[in-house]
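The values are calculated or read from the model by the stated rules, or taken from the named source; none is laboratory data. All values reported here derive from a predicted model rather than from experimental measurement. Positions of Cβ are generated from backbone atoms using ideal geometry, with glycine treated the same way; all protein chains shown enter the neighbour counts.
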């Protein structure tokens, strides 16, 4: 963006939310936040005063006390809480994190209990009980028991497999070991056995097992470097530093074993960035803050070992507190399905009641006088009707499809396997395949409206690479050979001449290498020299190889680039820096480091070369650098142009410049600098002012261009998804500039988009809210005006909003706090009432405001939220879920995304990164963002279509099956006599009709995956719920009703007069049952065949197999032998062979099936010709597309806009650099641990430096 | 770099999914498509076939000769008598005369038909003991035969259950009058009328050297006049549970109006070609009460063809369906042509 925009980002802190600061993630404890302490400087010169302060805050919640090395201390009664009736439990959580649900003993009862909590299973249990009552039983007990058992067993097996996987995970994590002091010695202990108060030792690259207070480490001053990728997604290192006193006294094992400090601190909470507490040791109180705490999930880096005392364990740790509740996710179809089952249930009751009334009437009219029906019971007709009601419920129970739920689960499981098996979602580089971790959400993937994406590690690879540079009027970084001629076949530059090259940089401009090596242009060398010297990177040369630790990946990329081009940064001390310049080592005195911060957007160093010349080197965002350039800079204009070009290519740019400083000038400045750096108040401001004085009249050297490498295929994926009418929101903890930059590079934002910021929409929302308030008062045509769009249509809009603005707009913080203060002590009843009313009004207003915000945001084509906390991410998702009623998907890779992933309807984790937190709580995981399009557009869409087809068919087939009983009732005195054999009823759902529909649910494809991806608009039908809704449901029911009518009445007509070519048994019940059942099996299976759009041999096999199976089993059941063995269970002996040899009966079956199917064919044909759907059209042209595909190549949007005003900024990470640390020399002063871990190999220089300081 | 990549290809990655057609959802498949030629031609073909079958069926059924004699009306005095259950011991005979205008050729089957008799009523259908009918010695108290199981004195009923109890017990004899003076008893077969499986699998008498001892210790059902081992005293193979009339009765009907095969014409002497035209009379021993439940009894004589008896339903249904399908085919074609032009 242009310079005006940049200046806008620095607000007056009092009136406007600060865009740079992450708001606190906790909103329950505002008043605690009021008393937060001033940031604690590394120097602990104000310990006492602070400890006084902190003691004040401590009083209030001093409940959390941890005593080191004293387990019994934590078992005292005051630390017990009542958990269940009178069972007391320590309030300190165990460190084991339980993930599994069952153990071998509890599995059976608990699982059965879980299963019977489901309405459907419970319903069948009730039916089973009803069937055992002799007065009302109309079906044999096995008709319900067999399917129910099958359902229960399948579900139980699935649950078992899931739980075993969880057990494995549990064992994997909780059986990790680390050293814990036990009986005075460090012993390897499993994570699950760690308790609060234990002192533990962690080694390099270990994960931190609990939230611990850092006591000491192998590094100077007990510094400890940690990587917090799991917590906030940032991969750059952060340093933690212990208290001076623990650093001094707690280095030895026995000292630590004797350590008996008492830590008093806040109760467990979810604020990752805050910690307040005190350490009471040897009767002195020391204040503790977040800088001394290592959180669970961090990884120890660059530190050989460190020691700490466990403060929070297991569920109390900040990361666990932050992870939000695990929600049981259900799909939209699930709930729809439930409602439909209830609807059917109502139908069932109505039908049964109708039949019961019919039966009462019939008994009165006919039954009573039918002597042959005498049953010895003297029941009155109404009572018989009542009994018959239950009988009918039993007979018609198959209307509620028993195998529905289990079939749905089987289908989802299969679809999940297809996702796991998908080669095109397999990321070979990290050997990660896609994984459906939840198997119950697949079809929801076909209905996504909103995607919430994390940035770092999700859209980007989080790898910064040096791409291009502009030096002295020449742009480097294109494909060129040594003479500077453009190359068509790019050859990778050879860095073998450079002993320090790390071999990872791929660079294609041979010409630049040539320039550096020849040294023709001093500026080129100067440029890389600047990169090597002007930074706050730390080096670690312990393993023989240089490895850099940078505060931001950008800086790391620049220093690494300089290293590869021959200017390797080797080591630094507090005030020297050693650099290898084309193989020659030189040491420079660092006179000052003018560190980066987000206001300055630049950093400088002042160095004295061995010849005694003093120079200032500076790098920074172009906007700030250009203001400070010397007026006569020859390269000003063309550098500007180069910057523009870089920006268009969405590279992150920095300007480099230098300035010679005379000794006198330096001396004068240094005096001010010294004064400012010891200033006790407003030190930062004073320093900034001093820095400003020297950073002027700079001479421009050139510009760098770093690529924040997007993952492959991100822009294509995003545009595909956008075409599928899915809106993408990016939620990131990054800075606004960075986020905006990424928005451009992944084509979420283009030059045509009008970008709105927090302040813009805040005003809009304010006026809207005012209007709404007024309108409520006047109550005039409210509904219409309230929903009018916020913006005039036409323009492509995007919203970029920071976390602070979110809080401001959504009234999360300030208003609430004020209210609390104001209304603290209501005295009279009136006041109380007022308070309640105000509260209610505020709630309503908040809700309205939230709704307005969501409406507004949804009008924008894309939304980017930056500087948001994990909790806010989740909140944004929740808002959209709540007010838009849309299906949301959250995708992320870090622990900071866990909350959001759990909140969204579907959470996707990017796996293969180091942190696994996001993956663990996600529903789907894969290696790359771009697989999202395949997951949604192919798997999601297919799953949705399959599930809808399955459900429609399932309801149809059960209605067609069951209602035959209903029609038959009219002809048998409403006596709930079944129209089929009991065994047929038992097996119909399980064997005869389930396989084809299951296979369609698993395999059906209306169009191929390639076409699905090519026409994203096909996805829309899922978002709009077009394929399965109440209308479709009723259509299915009516279809089922019609089929059942045909299945009943055609055989009825045929049987009414006479049957049987040999005249035997012309109209017997059993032959009728076989005829109806056979017609049904043919009709239903062929109907499935008609509905199948992807006919594989498996489908054919299943359909004909089902029919064959039906006949096979029927002939077996009707055989002689089985009747002799079980005469009462198998009564249909001989029916099948006798009935089915009659041509008349076959003609009946054929007619019934034809009459069932042909109207469907005609209707399908008509809809296809008259109102073809999108997929119909594509299906029709399938061949054409296939031919096209042969030549078809993916269009790339090579076309880009010309010069734009947008400019990437100096996008360093949130933190300041390490300048403070370097300048303070704390890490350098005195040492007993191996020094070179931090300092590289120049030991002697270090000593010198130590002496001079 | 090249080294590395070649190494990677050598080691098969552990988690890489199989590249099989099934797992990649690329199974060879034919995509069913409702194209106009396929749909229209199938409609025309199916329509024509249905029409043909329908007409053929109608023509066949027309060849079937059937005559029904509703004798519960003719024998109204007997009907009246039977309404009162206390008269069950009183015999009632009745004669129904009818004339065949045309001779019935081929196999002639004699049915008794009942109307409004709900043999398919749930309570009725289950009231039997298949095990008992198999000749097994079972405790019928546990079966569904209630209340027709055991007499108060403890004697079990054989056979038990409502179906057996309400067995059709009219006896009907057919006489032929070639001229006004001669009477010829029409020879009728009472065996071989039931399904082979029923006769040989489902029904067995209890094992014993003679039938009366086999059924010793049990008693006839309350509505029966004689015990089960006296159902056919002339033919041991047709007695007891194995009696064809009994077996046929035990095969319950699908609807409340039904007919059961009673006798077949024995094609000997004058009746070698069937029933000649002329006067006949039915001599009925009227036992079975039907008027109480507003039922009717009839005797039906019918010949059979390959498609069964005289039932026009299927023929008409096929003809109508065929016509409708053809019509639908034309409509679809018209619509298709019209839309294609657009």
Exercise for the section: List the number of the failed condition for residue A:277; all other conditions in (1) crowded, with 20+ Cβ neighbours inside 10 Å; (2) more than 30 Å from the chain's Cα centre (by Cα); (3) outside any strand (DSSP E or B) hold. Expected result: (3)
Practice task
Evaluate the following for residue B:262: is it crowded, with 17+ Cβ neighbours inside 10 Å and touching a helix residue (DSSP H, G or I) at 6+ places or on another chain (Cβ under 8 Å)?
Solution key: yes
Completion exercise
By residue number, the members of region A:1166-1211 that are within 21 Å of residue A:652 (Cβ to Cβ) and either more than 33 Å from the chain's Cα centre (by Cα) or modelled with pLDDT of 75 or more (or both) are A:1201, A:1202, A:1203, A:1204, A:1205
Handout entry: residue A:1129, sole failed condition from (1) within 18 Å of residue B:194 (Cβ to Cβ); (2) more than 8 Å from chain B (Cβ to nearest Cβ); (3) not in a helix (DSSP H, G or I)
Key = (1)
Practice task
Among residues belonging to region A:994-1014 that are more than 14 Å from chain B (Cβ to nearest Cβ) and modelled with pLDDT under 90, point out the one that is surrounded by the fewest Cβ atoms within 10 Å (Cβ to Cβ).
Solution key: A:1014
Problem - Residue that is surrounded by the fewest Cβ atoms within 10 Å (Cβ to Cβ), among those in region B:200-211 that are without any contact (Cβ under 8 Å) to a residue 24 or more places away in the chain and at the interface with another protein chain (Cβ under 9 Å from one of its Cβ atoms) - result: B:200
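Conditions tested, residue by residue: (1) modelled with pLDDT of 85 or more; (2) part of a loop (DSSP other than H, G, I, E, B); (3) surrounded by fewer than 24 Cβ atoms within 10 Å (Cβ to Cβ).
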| site | (1), (2), (3) |
| --- | --- |
| A:868 | no, yes, no |
| A:886 | yes, yes, yes |
| A:898 | no, no, no |
| A:936 | yes, no, no |
| A:943 | yes, no, no |
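Is it the case that residue B:301 is crowded, with 20+ Cβ neighbours inside 10 Å, more than 10 Å from chain A (Cβ to nearest Cβ), outside any strand (DSSP E or B) and within 19 Å of the chain's Cα centre (by Cα)?
Values: crowded, with 20+ Cβ neighbours inside 10 Å: yes; more than 10 Å from chain A (Cβ to nearest Cβ): yes; outside any strand (DSSP E or B): no; within 19 Å of the chain's Cα centre (by Cα): yes.
No; evaluated as a whole, the condition is false for this residue.
The rows are residues; the columns are (1) closer than 12 Å to residue A:993 by Cα; (2) more than 9 Å from every other protein chain (Cβ to nearest Cβ).
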| residue | (1), (2) |
| --- | --- |
| A:1084 | yes, yes |
| A:1092 | no, no |
| A:1105 | yes, yes |
| A:1110 | yes, yes |
| A:1115 | no, yes |
Practice task
Could you give me the residue pairs with C-beta distances under 7 Å whose first residue belongs to region A:366-380 and is in contact (Cβ under 8 Å) with a residue 12 or more places away in the chain and at the interface with chain B (Cβ under 7 Å from one of its Cβ atoms), whose second residue is in a loop (DSSP other than H, G, I, E, B) and surrounded by 14 or more Cβ atoms within 10 Å (Cβ to Cβ) wherever it lies, and which are 6+ apart or on separate chains?
Solution key: A:366/A:973
Exercise for the section: Within region A:1162-1186, count every residue that is closer than 21 Å to residue A:1024 by Cα, facing chain B (nearest Cβ under 10 Å) and surrounded by 15 or more Cβ atoms within 10 Å (Cβ to Cβ). Expected result: 3
Handout entry: Conditions (1) in a helix (DSSP H, G or I); (2) buried (at least 19 other Cβ atoms within 10 Å of the Cβ); (3) more than 14 Å from chain B (Cβ to nearest Cβ); number of the one not met by residue A:420
Key = (3)
Completion exercise
The strands (runs of 3 or more DSSP E) lying wholly within region B:60-150 that contain at least 3 residues that are within 14 Å of chain A (Cβ to nearest Cβ) and either surrounded by 14 or more Cβ atoms within 10 Å (Cβ to Cβ) or out of contact with any helix residue (DSSP H, G or I) (no Cβ under 6 Å at 6 or more places or on another chain) (or both) are B:66-69, B:108-115
Handout entry: Odd one out for residue A:443, checked against (1) buried (at least 23 other Cβ atoms within 10 Å of the Cβ); (2) within 22 Å of residue A:895 (Cβ to Cβ)
Key = (2)
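Assess whether residue B:315 counts as being more than 29 Å from residue B:171 (Cβ to Cβ), within 9 Å of chain A (Cβ to nearest Cβ) and in a helix (DSSP H, G or I). Can you show your working first?
Details: more than 29 Å from residue B:171 (Cβ to Cβ): yes; within 9 Å of chain A (Cβ to nearest Cβ): no; in a helix (DSSP H, G or I): yes.
Criteria not met by residue B:315.
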Exercise for the section: Tell me, please, whether a residue that is surrounded by fewer than 16 Cβ atoms within 10 Å (Cβ to Cβ) and within 30 Å of residue A:877 (Cβ to Cβ) can be found in region A:393-416. Expected result: no
Exercise for the section: Please determine, by comparing only the residues of region B:189-199 that are more than 18 Å from residue B:228 (Cβ to Cβ) and surrounded by fewer than 18 Cβ atoms within 10 Å (Cβ to Cβ), which one is nearest to the other protein chains (Cβ to nearest Cβ). Expected result: B:196
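Conditions tested, residue by residue: (1) more than 8 Å from chain B (Cβ to nearest Cβ); (2) touching a residue at least 40 places away in the same chain (Cβ under 8 Å); (3) more than 49 Å from the chain's Cα centre (by Cα).
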site	(1), (2), (3)
A:1032	yes, yes, no
A:1054	no, yes, yes
A:1087	yes, yes, no
A:1100	yes, no, no
A:1123	no, no, yes
Exercise for the section: Name the one entry in A:1019, A:980 that is farther than 25 Å from residue A:959 by Cβ and either more than 9 Å from every other protein chain (Cβ to nearest Cβ) or more than 32 Å from the chain's Cα centre (by Cα) (or both). Expected result: A:1019
Exercise for the section: Take the residues in region A:381-396 that are free of Cβ contacts under 8 Å to residues at least 24 places away in the same chain and in contact with a helix residue (DSSP H, G or I) (Cβ under 6 Å, 6 or more places away or on another chain), then tell me which one is nearest to the other protein chains (Cβ to nearest Cβ). Expected result: A:381
Problem - Conditions (1) away from every other protein chain (no Cβ under 14 Å); (2) more than 40 Å from the chain's Cα centre (by Cα); (3) in contact (Cβ under 8 Å) with a residue 40 or more places away in the chain; number of the one not met by residue A:487 - result: (3)
